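Reviewing the structure listed below.
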Amino acid sequence: MNAIRLLLISTALALTAPGAIAEPFVVGFNRFHADAPSAEGGRLLFNELNCVRCHEGSTGLPERKGPQLSGIDKKFHREWVKQFLENPSETRVGTTMPSLIHGVPAADVDAILAYLASLKSPASKTKPPRHINSARGRDLFHSSGCVACHAPDPEFQPPEGIPKAAEFTYASIAFPEIPSKYSIISLVDFLKDPLKHRSDGRMPKFVAEDDDVVDVSGYLMRFEGSNGVAANSIEDWPQDAALAKRGEVLIREARCAACHELPKETAASVVPLSNMQKGCLALKPAIGIPEYNLSDQQRQSLELFLKKRPETPSDALVVSLSLEALNCTACHDRSGSGGPDAARKAYFGGDHNLGDTGRYPPPLTAVGRKLRPEWLEKVLSGDYRVRPYLHTKMPIFGKSTNGLASLLAKTDARAEKPLPGGDDSAGRKLLGTNGGIGCITCHRWGSQPALGIQALDLSNIGNRLTAEWLREYLINPAAYRPGTLMPSFWPNGTASNLQICGGNTDLQIASIYSFAKSANGEPEGFPQKSHGEFDLIPKDRPIVQRTFMEGVGSHAVLVGFPTGIHLAYDGKTGQPALAWEGKFFDAYNTWFSRFTPFEKPSGRVLGRWKLQDSATAPFRFEGYKLDKEGNPVFLLSHGQDKGFDRFEGIPNGFRRTLEWTSSSTTHPAPIHPEGAQVLEESSSQTGSRQFTYLWK
């Protein structure tokens, strides 16, 4: 990588856009409250700068503790931590960590580092990645939603073209100098689950494949090459018990335990709010007082908040500031406020056939009355994803969103006229194409793909949406989401189809809702397929089929044996996953669905293997081949050794042969399925082991 390109990337990743910020950077304050001092902005700052952790009371906003410090000597380079402690705002642009040890001798910094090195935690199970594709990581970083919060690489060209500098209307969250702080292993470990390191931090968890996390880490680390084993590691920190004792005293005096989880001997008591002008709000705080380097607007906003602090905030204000604190507003707008600016919209991808709704996350306007409470709770916990066509993933904020669903429901509630009871048969007719309004032309229904473009699934609207919100939306979709391709079939509340339910708008919408909630069949008009038309039936030879399968994953390799017991193999980690008997597989969805659902075994599950994730799985999957009888031979590697895992169908089970090119005895023992009788038929010095699995 040439020096100019390295400088460009370093600038993009280390600085905020459009410019560097010396004061603490609180994203919601910077975007919504920096123009004029306000008590609302002060409340957000008091929470996000962790003033509330030192002083009594509550802001009503999600808590924000400091990161987990135990095991820090395995996460970060010591020199970076030392520089950060000595000068937080220069080492990490925009940090909300105040300077706590300004004016102390260098020896005291070493003592604090010695104490931090003594705080042990369980060793990480993350292994050095065997392969890193930084170029792929660069693409993922720019397409998966990271640039909603962080600055893009100025050389990266999204499909819409590189945006103009003027189109960036608010600043991005700066990165530290990542290679100076992390190793590849520690960054991968952090990005897999940031909440493990910062339980209520503002960096959420994204559900992603391990390979994706590794590649994004390689990009952020500016890693060249592909062998992750050769990447930098965290050097051992010096251990000094006597110096650590001195550091413990300094940590207690600096009151670090107010923000961080630390042993009880360093506990920090609450500091009463007195004359803040001589404390943290002073232009130059005295030694021993946290120094935040506040801007004038931040200082004035905090002063305004402190004057009003005893007042209880409204639910609407708490919701608004909570969404700003968690930066939900980076991706979503609510009542016309927030959402990505014109520059960042260029990096949001998805299905262009769906227009803006196929690329941008939905608005949060009235979301508390839109989504049923139990569904909204699941959305915030990351359990539901109904828009698979969006490249941007909905992250998980952990306990920071506790109570937010009920607060949204309370804030957005309003008195509404309930819909009448619906007619399921009318709902089925309306959704379909045989005399209905043709919703399935654009929308999926469960595992059935839409007849045209693939908009979100309608089969779950009875569980997902409230009936009253659905009525309002269907009458005027554009009022909720300008630019949507969704037309109104009830313009101004008048039904366009007068043949069903007598043209009664409320009854028609209630019938659609009722039918979806009943889960009783599918709308009329889907292409009919005869029963079993796409069933794969192994007769003379095994059948191998790739698909997505529940409990196995997106790399499932299914093998149907004529003997009647079938196998699913995890093609991501090189492990057998489950066995079932009876029907093998209906391939209709796999072959014809644009968005293949995760399938279930067609027959009765007999047993499962306990799968290990790709970070801890002992083998690397190298593909598969078929022997002359059509039996699958799965190719594996373990270190430098090559091997194969062959399965053959026999009455009531399988015969499995596992063989390695080396006779080394260090290969991990194979895992066997639950519920099966396991017989080891042979063991030789050539590395071959043969097992028989039988189910009664």
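If you wrap the range 114-161's Cα atoms in a convex hull and average its projection over all directions, what's the area in nm²? Numbers along the way, then the final one.
On the way: hull surface 25.1 nm².
Hull-based average projected area comes out at 6.3 nm².
Dipole size in debye (nearest 20) for the range 464-577 around its Cα centre, Lys and Arg Cβ +1, Asp and Glu Cβ -1?
On the way: 9 positive and 10 negative charges, 55 e Å.
For this selection, approximately 260 debye.
Restricting everything to alpha-carbon atoms, can you work out Rg to Rh for the range 535-694 with a Kirkwood hydrodynamic radius?
Reported Rg/Rh (Cα atoms, Kirkwood Rh): 0.95.
Could you work out the relative contact order of the chain, using alpha carbon pairs under 8 angstrom and six or more residues apart, expressed as a whole percent?
11 percent
Using only alpha-carbon positions, what ratio does the radius of gyration of the range 163-294 give when scaled by 2.2 N^0.38 Å? Provide the component values of the computation, followed by the final result.
Working: Rg = 20.0 Å, N = 132, 2.2 N^0.38 = 14.1 Å.
It is 1.42.
Could you rank the peptides 376-388, 572-584 by their average count of other C-beta atoms within 10 Å per residue, with the highest value first? Walk me through the numbers on the way to the answer.
Values: 376-388: 16.3, 572-584: 21.9.
Most protected by this proxy first, the peptides run 572-584, 376-388.
Mind checking which lysines have their C-alpha under 28 Å from Lys583, skipping anything on the same chain fewer than 8 residues away?
Lys529, Lys539, Lys572, Lys600, Lys610, Lys625, Lys628, Lys696
Loop only per DSSP, at most 15 neighbouring Cβ atoms within 10 Å: give me the trypsin sites (Lys or Arg not before Pro) in the range 133-165, ordered by residue number.
Details: sites: Arg136, Arg138, Lys164; in loops: Lys164.
Of the trypsin sites (Lys or Arg not before Pro), the ones in loops of the range 133-165 whose Cβ has at most 15 other Cβ atoms within 10 Å are Lys164.
If I model a spin label as a point 7 Å beyond the Cα along the Cα-Cβ vector, how far apart are those points for Ala286 and His131 in nm?
Each label point lies 7 Å from its Cα, and together they span 6.2 nm.
Enumerate the amide H contacts of Glu622 below 5 Å, restricted to partners 5 or more residues apart or on another chain; note that Pro and chain-start residues carry no placed amide H.
Distant-sequence amide H within range of Glu622: Leu635, Leu636, Ser637.
Convert each backbone phi in the range 488-498 into a coupling constant with the Karplus relation 6.51 cos²θ - 1.76 cosθ + 1.60 (shift: θ = phi - 60°), then list the ³J(HN,Hα) values in order as whole Hz, x for Gly and Pro.
Working through the residues one at a time gives 9, 9, 9, x, 6, x, 9, 5, 7, 9, 9 Hz.
Which one, Leu567, Thr392, His352, is farthest towards the positive end of the dipole of the chain when Lys and Arg carry +1 and Asp and Glu -1 on their Cβ?
The residue sitting most towards the positive pole is Leu567.
Over all distinct alpha-carbon pairs, what is the Kirkwood Rh of the chain in angstrom?
About 28.9 Å for the chain.
What number, rounded to the nearest 500 deg cm²/dmol, is the helix-based mean residue ellipticity at 222 nm of the chain, given -39500 (n - 2.57) per DSSP H run of at least four residues and division by all its residues?
That calculation yields -8000 deg cm²/dmol at 222 nm.
Please compute the net charge surrounding Arg252, taking Lys and Arg as +1 and Asp and Glu as -1 over other residues with Cβ under 14 Å from its Cβ.
Here the count lands on 0.
May I ask you to order 293-300, 435-442, 627-634, 211-218 by the average number of other C-beta atoms within 10 Å around their residues, highest value first?
In descending order of packing, they fall as 211-218, 435-442, 293-300, 627-634.
Remind me, relative contact order of the range 535-694 in percent, using alpha carbon pairs under 8 angstrom and six or more residues apart?
17 percent
Can you compute the FRET efficiency between Glu160 and Ile671 using 1/(1 + (r/R0)^6), with r the Cβ-Cβ distance and R0 = 45 Å? Round to the nearest 0.05.
Computed FRET efficiency for Glu160 and Ile671: 0.45.
Can you tell me which lysines have their Cα less than 26 Å from the Cα of Lys264? Leave out same-chain residues fewer than eight positions away.
Lys65, Lys74, Lys75, Lys82, Lys120, Lys196, Lys245, Lys399
Coordinate-derived values only; no laboratory data. Worth saying up front: this structure is predicted, and the values here are computed from it rather than measured. Heads up, the Cβs are rebuilt from the backbone with ideal geometry, glycines too, and the neighbour counts pull from every protein chain shown.
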